[in-house]
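Right, one structure below, let's go through it.
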Amino acid sequence: MTAPIETTGAAAEAQPEAVLAGAEKGQIEGRSLGQIAWSRFKKDKVAVAGGIVVILLVLLAVLARPIQALFGLDPNAFNQDLLDPNTSLPSGDWGGMSAEHPLGVDPKFGRDIATRILEGSWVSLVVAFGATILSNTIGTVLGVMAGYYGGRVDTIISRLMDTFLAFPLLLFAIAISATLQGGAFGLEGLPLHISVLIFIIGFFNWPYLGRIVRGQTLALKEREFIDASRGMGAKGPYILFRELLPNLVGPIIVYSTLLIPTNILFEASLSFLGVGIQPPQASWGGMLSEAVNFYKVDPQFMIVPGLAIFVTVLAFNLLGDGLRDALDPRSSR
C-alpha cells in the first residue's frame, strides 16, 4: 500500500496563496444565467445565422421608408415602357430583371418588385410584432394568474382558453376583416387594416402562450423562493410580477420567436385571400395573390415574394430553436 504523501508546512501555507493568486488573475469566475445562455447560443452556428438574418430583416423594415426617400424609390410607380404592349408582361428574360430593377417588374403595371418587397417588409413585421405583443401580454397575465391562484380563477381562465381555441380563427378573421374594410373606430385605409390584423391575430392566439405560462407557473409556485416570499409577507401581485414573471422570461422569449413567423404567414394568408392589406399598398401576401394569374408566364413574380416569406419564417424559426436550447437549463450544449 502506497504511503500517503506528506505536505511540508511551507507548501501547506503556500497553497491558499496560490488559490488567491489564481482568483486575482480572473481564473476563477462565476457566470450568470445570461452568460451561460449566450455561450450556448454562440455554439449553435445555424441559430446565429438565423439571428443575423432576423436582425437584417428588421433593419430593412425599419429603414424601408428612409431608403425609399433617399434613393427616390416609389413602390407604386408605373413603368409601362418596361412591358410588352401586346401581352402586358415584362420585356426581357426573368421578369424584366435589369441593373435598375434587380428583381424585375410586375406584369400589367411594371412596378419595381424589389421596392415593393422592401415596402411590404415593414407591413408584415409590424403586424407580426404587434400581434405577438398583444397575445403575449394577454396570455402571460392570464396564464400566470391561473397557475398561481388556482381554484375557481384557474377554472374560469382555463375554460376561456378552451373557448378561444375552439374558434375557427381563419373564418372568423375573414368575416371581421371583410366587415371592417370601409372604416371603423375613426380609422380607415392602411392604419385600419393593420390595426384589425393585429387585433384579430393577437387577440385570438393568446391561449397558446397562456397554457405554457400556466404550466410553468404551477411548477414555480411550489419552489422555495416563492415560499420565502410568502413567509416575508409578500402579497399575490408582488409575487406574480416580481418573483414569477422574471422566471418566465425565457419561455416567453422562445415562444415569441416561434410565434412571429406564424403571424407573418397568417397575415400573408389573409392578404392573399383579399381581406388583409389592400392594394395598392404592397404586402407579400398581396403580391402572391396578384401572381396567381401570371405564374405560368411570369414565375419570377411569384418566386420573389414567396422566397421573402420563406427566408423570413425560416430565420425566425432557426433563431427560436437556438434560443430554446440556450435557455433550457437541461440542455447539454
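The values are calculated or read from the model by the stated rules, or taken from the named source; none is laboratory data. What you are looking at is a predicted structure, and each value in this text was computed from that prediction instead of being measured. With ideal geometry, Cβ positions are generated from the backbone for all residues, glycine too; neighbour counts draw on all protein chains shown. Areas reflect the complete protein model, heavy atoms only, side chains present, ligands, DNA and RNA absent. Shrake-Rupley method; radii C 1.70, N 1.55, O 1.52, S 1.80 Å.
Within the stretch 191-231, the residues that satisfy the criterion of being outside any helix (DSSP H, G or I) and more than 30 Å from S121 (Cα to Cα) are K221, E222, R223. Residue under question is G210, and the condition is that it be within 19 Å of D154 (Cα to Cα) and either open to solvent by less than 40 Å² (accessible area, probe 1.4 Å) or of a type in the set (A, V, I, L, M, F, W, C) (or both); does it hold? Yes. T115 fulfils the conditions (1) modelled with pLDDT under 90; (2) touching a Leu at 6+ places or on another chain (Cβ under 9 Å) except for a single criterion, (1). Do we have Y238 as without any contact (Cβ under 8 Å) to a residue 60 or more places away in the chain, of a type in the set (F, W, Y) and over 30 Å from R111 (Cα atoms) here? Yes; evaluated as a whole, the condition is true for this residue. On the stretch given as the stretch 278-333, residues that are under 16 Å from K45 (Cα atoms), out of contact with any Phe, Trp or Tyr (no Cβ under 9 Å at 6 or more places or on another chain) and open to solvent by less than 20 Å² (accessible area, probe 1.4 Å) total 2.
Residues of the stretch 89-123 being open to solvent by 50 Å² or more (accessible area, probe 1.4 Å) and either touching a residue at least 40 places away in the same chain (Cβ under 8 Å) or not aliphatic (A, V, I, L, M) (or both), which ones?
S91, G92, D93, W94, M97, S98, E100, P102, L103, K108, F109, listed by residue number.
Those residues that are within 32 Å of the chain's Cα centre (by Cα), closer than 15 Å to D298 by Cα and not charged (D, E, K, R), I need them from the stretch 108-134; list them, please. Can you show your working first?
First, the residues of the stretch 108-134 that are within 32 Å of the chain's Cα centre (by Cα): 111-134.
Retained after the next criterion (residues that are closer than 15 Å to D298 by Cα): 111-113.
Listed by number, the list holds a single entry, I113.
Kindly check whether there is at least one residue in the stretch 161-183 that is at pLDDT 90 or above, open to solvent by less than 60 Å² (accessible area, probe 1.4 Å) and either in a helix (DSSP H, G or I) or under 21 Å from L323 (Cα atoms) (or both). Scanning the stretch 161-183, I find at least one residue that is at pLDDT 90 or above, open to solvent by less than 60 Å² (accessible area, probe 1.4 Å) and either in a helix (DSSP H, G or I) or under 21 Å from L323 (Cα atoms) (or both), so the answer is yes.
Within the stretch 61-88, the set of residues being open to solvent by less than 80 Å² (accessible area, probe 1.4 Å) and either under 30 Å from A326 (Cα atoms) or in a helix (DSSP H, G or I) (or both) comprises A61, A64, P66, I67, Q68, L82. On the given criteria, is G231 out of contact with any strand residue (DSSP E or B) (no Cβ under 9 Å at 6 or more places or on another chain), surrounded by fewer than 19 Cβ atoms within 10 Å (Cβ to Cβ) and farther than 23 Å from D328 by Cα? Criteria met by G231.
Per-residue answers, yes or no, for (1) in contact with a strand residue (DSSP E or B) (Cβ under 8 Å, 6 or more places away or on another chain); (2) at pLDDT below 90; (3) among the hydroxyl-bearing types (S, T, Y):
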residue: A23; (1), (2), (3): no, yes, no
residue: L33; (1), (2), (3): no, yes, no
residue: K45; (1), (2), (3): no, no, no
residue: V48; (1), (2), (3): no, no, no
residue: A64; (1), (2), (3): no, no, no
residue: L70; (1), (2), (3): no, yes, no
residue: Q80; (1), (2), (3): no, yes, no
residue: L83; (1), (2), (3): yes, yes, no
